[in-house]
Amino acid sequence: MRKTIVKQNRYFDSVFLMLVARRIAAQPGIRDASAVLGTAANRKVLAAMGYGAGDEAFAGAGPNDLVLALEGEPAAVDAVAAEADSWLARGSGAPEGAGSALPEPRTVAEAVARRPDASVAIISVPGQHAAREARAALRAGLHVFLFSSNVSAEDELALKTEAAGRGLIVMGPDCGTAFLGGAGLGFANAVRRGPIGIVGPTGTGMQEFASLVHQAGSGLSSGIGTGSRDLSDAIGGLSTLAGIEALEADPATQVLTVLAKPPGAGAEARLRKRLDRCAKPVVLCLLGTEDRAVGGRVRLASTIDEAARLALEAAGQGWPRSLACDPGELRAAAVAEVGRMRPEQRHIRGLFSGGTLCYQAQAIFRRAGLAVRSNAPLPGMAELPDPHRSLGSTFVDLGAEIFVDGRPHPMIDATLRRKRLDQEGEDPEVAVVLLDFILGAIASPDPVGDLLGAARGAQRAARRRGGHLCLAASVCGTDQDTQGLQTQVRALAEAGVLVFPTAAQAAAFCQEAMLLLAERKEADR
Amino acid sequence: MTMLLGELLQGRPVFVNIGVRAFGDSLRAAGYDVIQVDWSPPAGGDVQLAALLDDLL
Amino acid sequence: MGLKERINEANEQAFRRMVAADPVLVDVAPAAEVIPGLRDHMILHSGPPVTWERMCGAQRGACIGMCLFEGWAADPAEAERLLSTGAIVLEPNHHHAAVGPMAGTITSNMWVWVVENKAFGNCACCRQVESFQQFGDHSKDALALLAQWREVWGPALRAAVRRMGGIPIKPLVARALLMGDEMHNRVVASSSLFANAVAPVLADCGLPKEQVVSTLYYVGNHPFLFLGLSMAAGKAIADPARGVEASTLVTAMARNGTEFGIQVSGLDGEWFTAPAPRIAGLLLPGWKEEDAGLDMGDSAITETVGWGGFAIGGAPGILTFTGGTAAQALNYSRDMRTITAGISPDWLMPALDFTGTGVGIDIRKVVHGNLVPVIDTAIAHREPGHGIIGGGIVRPPMACFTRALARFAEKYRE
């Protein structure tokens, strides 16, 4: 079939038209295509090729008109004819930016227009703009990793509801970590792939869990962050439930882990109900709860270590010797440390860059009947009146809003933690300092090195006073992290810091030391 | 083209990074495709205008 | 239908009207014959409304020139008296379906290009472009050029255009864009194409030989000839997009050296103004920064329809004028596409792989992206009595767009 289409009053460069004709001719079902200006000479050539016979529009075309001449299968010819304007609007067909560096897109919509295969938006803009960007990302068809905090509960609920309607997930707000099919988002560690999946609102909690699973020789299928407020009654666990759904259906996941702080009552009920009917083995760790009851097929843990151990067990893996904890050894080490201290040394100061690790340490202390103050207190612990000043035994979450507003996170920049350590070192009543060090792609290139000077300074100050400052620490990470787990651990040990394989064990050691100090105080009366 | 979460976990995500560049850089270093958005607050940071635009645009 | 959808549909309609335009040069005529509402002792000027008191030096100089040209005053002092006592009515060109370059002054005996938009039947006029009177020079030499138009060139071109039955502007612009013009400050190619088209007809019109030769010489050697045509065409293209309810598209951008003003389709009749900005560019030898006047002229109608700064990616030659690079030019053209309703199917840029320029400036997108249009323009002197002193890039004040947006919200939001 031959067909001519005349576009009146359309002028195009002749070389451009040859490019268009060539692209059309490459279409299946098209045998020949020409695009020319309707000059008398051009029309004569086309007529000689058999086009335009009896076509009035063709006969009446002039030099300011465009003539498209097509030959091929009727369906193909009609398809091109129907879309003629769009063929002319595609430019010369060169991919955008070919040969010159394109400026970066300024909106998520522009970005998706350039890469229609984009699937996840990572959003870390200031909180007041975050909900708007997240909404735009959802509407562009992207899942959202929402690192930004200071997003209202109202906005969070609206976003997660809209996401559910679109088959998308919102991980956040205030979501620090996720592992999506092998990619580590936000603050994440280099962890091998494996059968263990995890979902939950804890950033550094997920990092610690993933690192332990890796150190045990196993790996992560995926880790779905949900944002810190997801399991509140206001939000009802929307992202947690979506994550559970996805991990249950994921062929790479054999075990599901949920790691969270205690949820709202309503959200917890929904969560447990959902987990009870899960087809795969489930480990539920609600930090700080003492619930030991066996919940049917759901295994319960109260620390991150325990959660990792139970998950590995469900996947048929053992808990390695390197991560094993001997309470006797902890006690002995505590005795040795306390023996070198002066009578006035009686407080512990925990300086945490990981919020979940601060929380877990408080939970461990509360179980042992030890009280600490904190700027992010566990229920039952007292609030620290001035976050910048420790009072008695204190665990500080240095990643809290008051410290990170307008500043980089302590996992990246140790300035605040260094100054705080100096401060604690000057206090003659401090007996123990508990530190966490978190590795990963975005973290400081040398978290331990950043603090060693202050650590040594604090030790020296205690010695000058005739006492001994006990420094206890754990390092969250793997040997595949750029900082290198063993390198960081070694640097700490060489500086006289007691290094424990997990944050929970470091807290457990401190618990022993503080109990000993309390006994000693009693004995002194 | 929306990729469902299930497909995402099994496949290879393509990322759009809006905000702090470090998040995109680390993923790119790990071999993932990341498009960086050169983000700036709407309406040059004017909160009132941005709120107005939420109704119009 | 929600407000956002209403706006998007209205913009789609306004955009389609601009794209469907078919501007044709149908006549060259004395302004009194063809400009609606133009009376004796009235001067039409470029930009938004302005009083004599607030008028900048160059525009005042141009007005003085018009008084002398029309014979309303015998000398500049008398002209100033007339102007300052309100004996002369001053109105914007845009209120009379007209546009003018720089000071843009049009009076009854000025000859103008007449362009009809055959798709909608509306007409728009633009006075001819020259380098003296429109910059505020009211000397005898400057006025003599205007007289040439009235006596020689205008009537000759009128005869030729009528003999040809009109000259379609679209094919000339489409060709010229592929030849490095951007239709605002670079119109060498389009001027040549136009001259080539009229030359044989001029020669065959039955006109006296001296008139033919003089006119041929004029059209063949005027690097800015076509600007008058592109401005009239721009106005003819944009006017049918006025008054579309709930549309946020810009239908005019115009300056008078005192203020920069925009008009918006869904807010027809209103001007949104802010102080005229400085132009960032290059000056001809002998002139300094402190000599420069502020942004002036109706020629931003070219950017309003997707030419000028919006097509500058295809005209890297213009950048020596503005001190920029070819990469910058391409980025300007790409950037402008992010603040418009759509992309032109007709105004293609070879340097951007034959993709189209952005058409239909959307005030929402301008404010949201904190990105005002790019306009490239000439620079006049602050004071009357001088010709062109330079050229460069100018950015409209964001205040024009934020004010328009606030007014739009007031009118259309619940």
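A few remarks follow.
- Qualifying residue in region A:461-472 (condition: assigned to a strand (DSSP E or B) and either under 30 Å from A:ALA178 (Cβ atoms) or among the charged types (D, E, K, R) (or both)): yes
- Of all residues in region B:26-48 being in contact with a strand residue (DSSP E or B) (Cβ under 9 Å, 6 or more places away or on another chain) and farther than 18 Å from A:PHE179 by Cβ, the one that is surrounded by the most Cβ atoms within 10 Å (Cβ to Cβ): B:VAL37
- Residues of region C:246-281 satisfying the condition of being of a type in the set (D, E, K, R) and touching a Gly at 6+ places or on another chain (Cβ under 6 Å): C:ARG255, C:ASP268
- The set of residues from region A:331-379 being among the small types (Gly, Ala, Ser) and under 21 Å from A:LEU391 (Cβ atoms) comprises A:GLY350, A:SER353, A:GLY355, A:ALA361, A:ALA363, A:ALA368, A:GLY369, A:ALA371, A:SER374, A:ALA376.
- A single member of C:ASP204, C:ASP181, C:ASP137 is out of contact with any Pro (no Cβ under 9 Å at 6 or more places or on another chain), acidic (Asp, Glu) and surrounded by 22 or more Cβ atoms within 10 Å (Cβ to Cβ), and it is C:ASP181.
Yes/no matrix, rows are residues, columns are (1) assigned by TED's automatic domain parsing to the domain that holds C:ALA159; (2) surrounded by 14 or more Cβ atoms within 10 Å (Cβ to Cβ); (3) under 20 Å from the mean Cα position of the chain (by Cα); (4) not aliphatic (A, V, I, L, M):
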position	(1), (2), (3), (4)
C:GLY47	yes, yes, yes, yes
C:GLY71	yes, no, no, yes
C:SER84	yes, no, no, yes
C:ALA87	yes, no, no, no
C:LEU90	yes, yes, yes, no
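- For region A:453-468, the criterion of a residue being in the same structural domain as A:GLN360 (by TED's automatic domain parsing) and either at pLDDT below 95 or acidic (Asp, Glu) (or both) is satisfied by no position.
- Of all the residues in region A:1-22, those that are over 26 Å from C:ALA20 (Cβ atoms) and away from every other protein chain (no Cβ under 12 Å) number 3.
- Residues in region C:186-239 that are in a loop (DSSP other than H, G, I, E, B) and among the aromatic types (Phe, Trp, Tyr): C:PHE224 alone.
- Yes/no for B:ASP55 being part of a helix (DSSP H, G or I), of a type in the set (Asp, Glu) and touching a helix residue (DSSP H, G or I) at 6+ places or on another chain (Cβ under 7 Å): yes
- Some residue of region B:22-32 being at pLDDT 90 or above, within 7 Å of another protein chain (Cβ to nearest Cβ), touching a helix residue (DSSP H, G or I) at 6+ places or on another chain (Cβ under 9 Å) and not in a loop (DSSP other than H, G, I, E, B): no
- Looking only at region A:286-313, and only at residues there that are within 17 Å of A:THR253 (Cβ to Cβ) and modelled with pLDDT of 95 or more, the one that is surrounded by the fewest Cβ atoms within 10 Å (Cβ to Cβ): A:GLU313
- For region C:381-413, the set of residues classified as without any contact (Cβ under 8 Å) to a residue 12 or more places away in the chain and more than 9 Å from chain B (Cβ to nearest Cβ) consists of C:GLU410 only.
- Hits in region A:359-379 (condition: surrounded by 17 or more Cβ atoms within 10 Å (Cβ to Cβ), in contact (Cβ under 8 Å) with a residue 40 or more places away in the chain and of a type outside the set (Ser, Thr, Tyr)): A:GLN360, A:ALA361, A:GLN362, A:ALA363, A:ILE364, A:PHE365, A:ARG366, A:LEU370, A:LEU378
- Residues that are part of a helix (DSSP H, G or I), more than 14 Å from chain A (Cβ to nearest Cβ), under 30 Å from A:ASN64 (Cβ atoms) and of a type in the set (A, V, I, L, M, F, W, C) within region C:16-47 comprise C:MET18, C:ALA31, C:VAL34, listed in sequence order.
- The criterion of at least 2 residues that are without any contact (Cβ under 8 Å) to a residue 24 or more places away in the chain and closer than 26 Å to A:ALA368 by Cα is met, among strands (runs of 3 or more DSSP E) falling completely within region A:191-305, by A:298-301.
- Yes/no for C:PHE120 being aromatic (Phe, Trp, Tyr), crowded, with 21+ Cβ neighbours inside 10 Å and under 21 Å from the mean Cα position of the chain (by Cα): no
- Filter result for A:GLY62 (surrounded by 14 or more Cβ atoms within 10 Å (Cβ to Cβ), within 53 Å of the chain's Cα centre (by Cα), within 14 Å of another protein chain (Cβ to nearest Cβ) and part of a loop (DSSP other than H, G, I, E, B)): no
- Residues (facing another protein chain (nearest Cβ under 7 Å) and touching a strand residue (DSSP E or B) at 6+ places or on another chain (Cβ under 7 Å)) located in region B:1-21: B:LEU5, B:LEU8, B:LEU9, B:PRO13, B:PHE15, B:VAL16, B:ASN17, B:ILE18, B:GLY19
- Out of C:ALA252, C:ALA246, one residue alone is over 19 Å from the mean Cα position of the chain (by Cα), outside any helix (DSSP H, G or I), assigned by TED's automatic domain parsing to the domain that holds C:VAL359 and buried (at least 16 other Cβ atoms within 10 Å of the Cβ). It is C:ALA246.
- Entry remark, region A:380-411: residues being touching a residue at least 40 places away in the same chain (Cβ under 8 Å), under 30 Å from A:SER124 (Cα atoms) and surrounded by fewer than 21 Cβ atoms within 10 Å (Cβ to Cβ) number 3 in total.
- Scope region A:476-494; condition surrounded by 18 or more Cβ atoms within 10 Å (Cβ to Cβ) and not in a helix (DSSP H, G or I); matching residues: A:CYS476, A:GLY477, A:THR478, A:ASP481, A:GLN483
- Only residues that are surrounded by 17 or more Cβ atoms within 10 Å (Cβ to Cβ) and among the acidic types (Asp, Glu) were counted in region A:130-154, giving 1.
The values are calculated or read from the model by the stated rules, or taken from the named source; none is laboratory data. All of these numbers come straight from a predicted model, not from anything done at the bench. Counting neighbours? That spans all protein chains shown, and the Cβs are built from the backbone with ideal geometry, glycine included.
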